There are 2 protein chains.
Amino acid sequence: MTAPPRRRTKARDPQGTRRALKEAATTLFARRGFAGATADRIARKAGVNKAMINYHFGGKRGLYSAIVRESFGTLLDRLRGAVDEEAAPADQLRGFIATFAEMAQGLPDLPAMLLREMMAGGEHRDLDREVFEFLPQILGTVRGVLEAGIRDGSFRAVNPLLTHLSMIGGLMFFFATDEFRRRALAEMKHAPAPPSAADFVSHLQDVMTRGIVAERHAAARKR
Amino acid sequence: MTAPPRRRTKARDPQGTRRALKEAATTLFARRGFAGATADRIARKAGVNKAMINYHFGGKRGLYSAIVRESFGTLLDRLRGAVDEEAAPADQLRGFIATFAEMAQGLPDLPAMLLREMMAGGEHRDLDREVFEFLPQILGTVRGVLEAGIRDGSFRAVNPLLTHLSMIGGLMFFFATDEFRRRALAEMKHAPAPPSAADFVSHLQDVMTRGIVAERHAAARKR
DNA sequence: GTCTATAGGCTGATAGAC
DNA sequence: GTCTATCAGCCTATAGAC
């Protein structure tokens, strides 16, 4: 095995530089927004020279775009893979929620970054086009599950878009504000312990599936 | 009636200046974040001179603080008033959701601004202290309703914090991303019409109350 | 209270050595 | 590929006339 060249300053692995920049930038963009995350801070956090942002990504905006693009791609791939079409619709929905949570834990800054992107409301027009193409596909995945459940009589005739929004909304909010909640609860007296992701997942799974099961079906399930 | 002095440039009503600045700033802070909303843009949008930000609020950060403080205050007051303790817990919960939505429609930029504040995760340390004091009070309101419902047997024994989070999360997400959704759906082919706030409210009311009703109770309600 | 002019700092990006 | 040095532009905030 040839040991990797551990030089500190020069001619390091370019992929490593790119990755370090993307990781540092994701955290800073998530917490401070595009304008609030300065190129200088990003580079310092990544342990990389500032000029590398321009060399590798053609500027701060290019770095941002690369992250958003890849983030949405990762998100979509995993969510699609999560839905096991052999399973009962209610279990597919549970799987979707669990998978979203796993991804959010693996990439903790992603939900906040995506939320910020959506809240910009179409200011970054060039970026939005790309984002717009991912969204219907995620919606389509959830919609498929819901329609299957409605068809086989296990779900009542809920509106798929609204159901999708309340589910994704709860998830995005929980994970985007996770660190805030931790700090806020720590400073409060008589505060409950910060809930774990697992706690929230099973709560949301329960509320969502109970919230949309068909009445007959719910009654039949009872013993 | 003495007509209001319609001078364009000089010695206008100072309260009007303050209000115009806060309104313009709320929109820009919501869409672009604190750093992304420049004092110049805020002043131009408000139709007011840039220096007025410093005169009236002691700087951009002071303007931001004033808005966050007042926003949380308004939010809390209205949400408290929404819960009619005479009503059944399920109806109190429905009332809470409806009131949050009304407020969000009256102040459409508020949810995004508050979400951004939370996502900063404790960067604005001076501000956060104030924000931290409001949150337990809002949580307390919801918790009271849930505990009453659990006590009288109409709700199952759900975790109040988790229930609060999934409800508030769905609401915040829906309203913070409303404009984005409108634009995104408009550019998509075969897209459903953007859902109205009223649609989302009744959907969330249904899913939440069905999701947490006690099983017996749910069965008893069925005809 | 409002305005103009300007100071002073920080930001993103580039040129050019290595 | 990486680094240092540097520039032009923009940003917040203030001084001072009105």
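A few comments on the model shown:
- Every residue from the range B:27-55 that is assigned to a helix (DSSP H, G or I), surrounded by 18 or more Cβ atoms within 10 Å (Cβ to Cβ) and within 10 Å of DNA strand C (Cβ to nearest atom): B:Ala43, B:Ala46, B:Met52
- Yes/no for B:Thr9 being modelled with pLDDT under 95, outside any helix (DSSP H, G or I) and either more than 14 Å from chain A (Cβ to nearest Cβ) or buried (at least 16 other Cβ atoms within 10 Å of the Cβ) (or both): yes
- Subset of the range B:43-52 that is under 12 Å from B:Ala24 (Cβ atoms) and either modelled with pLDDT under 95 or more than 8 Å from DNA strand D (Cβ to nearest atom) (or both) - its residue that is nearest to the other protein chains (Cβ to nearest Cβ): B:Lys45
- Among residues of the range A:14-26 being surrounded by 18 or more Cβ atoms within 10 Å (Cβ to Cβ) and closer than 22 Å to B:Met118 by Cα, the one that is nearest to DNA strand C (Cβ to nearest atom) is A:Ala25.
- Hey, B:Thr209 within 7 Å of another protein chain (Cβ to nearest Cβ) and in contact with a Leu (Cβ under 8 Å, 6 or more places away or on another chain) or not: no
- Residue within the range A:172-180 that is more than 7 Å from chain B (Cβ to nearest Cβ) and either buried (at least 20 other Cβ atoms within 10 Å of the Cβ) or at pLDDT 95 or above (or both) present: yes
- Residue list for the range B:53-85, restricted to those being near DNA strand D (Cβ under 9 Å from one of its atoms) and of a type in the set (A, V, I, L, M): B:Ile53, B:Leu63
- Hey, A:Gly211 on the phi > 0 side of the Ramachandran plot and of a type outside the set (Lys, Arg) or not: no
- Meets criteria (crowded, with 16+ Cβ neighbours inside 10 Å, near DNA strand C (Cβ under 8 Å from one of its atoms) and not hydrophobic (A, V, I, L, M, F, W, C)) for A:Lys60: yes
- Inspection of the range A:13-24 finds no residue satisfying the criterion of being at pLDDT below 95, in a helix (DSSP H, G or I), of a type outside the set (Asp, Glu) and more than 16 Å from DNA strand D (Cβ to nearest atom).
- Residue match in the range A:77-89 (condition: within 12 Å of the chain's Cα centre (by Cα), in the same structural domain as A:Glu147 (by TED's automatic domain parsing), surrounded by 14 or more Cβ atoms within 10 Å (Cβ to Cβ) and at pLDDT below 95): yes
- Exclusive hit being within 16 Å of A:Ala25 (Cα to Cα) and assigned to a helix (DSSP H, G or I), set A:Arg78, A:Arg69: A:Arg69
- The residues in the range A:127-157 that are β-branched (Val, Ile, Thr), at pLDDT 95 or above and either surrounded by fewer than 19 Cβ atoms within 10 Å (Cβ to Cβ) or not assigned by TED's automatic domain parsing to the domain that holds A:Ala197 (or both) can be counted, and the count is 1.
- Scope the range A:181-197; condition within 23 Å of the chain's Cα centre (by Cα) and either modelled with pLDDT of 95 or more or facing chain B (nearest Cβ under 7 Å) (or both); matching residues: A:Arg183, A:Ala184, A:Pro194, A:Pro195, A:Ser196, A:Ala197
The values are calculated or read from the model by the stated rules, or taken from the named source; none is laboratory data. Model, not experiment: these values are computed from the prediction. As a convention, Cβ positions derive from the backbone with ideal geometry for all residues, glycine included, and neighbour counts pool all protein chains shown.
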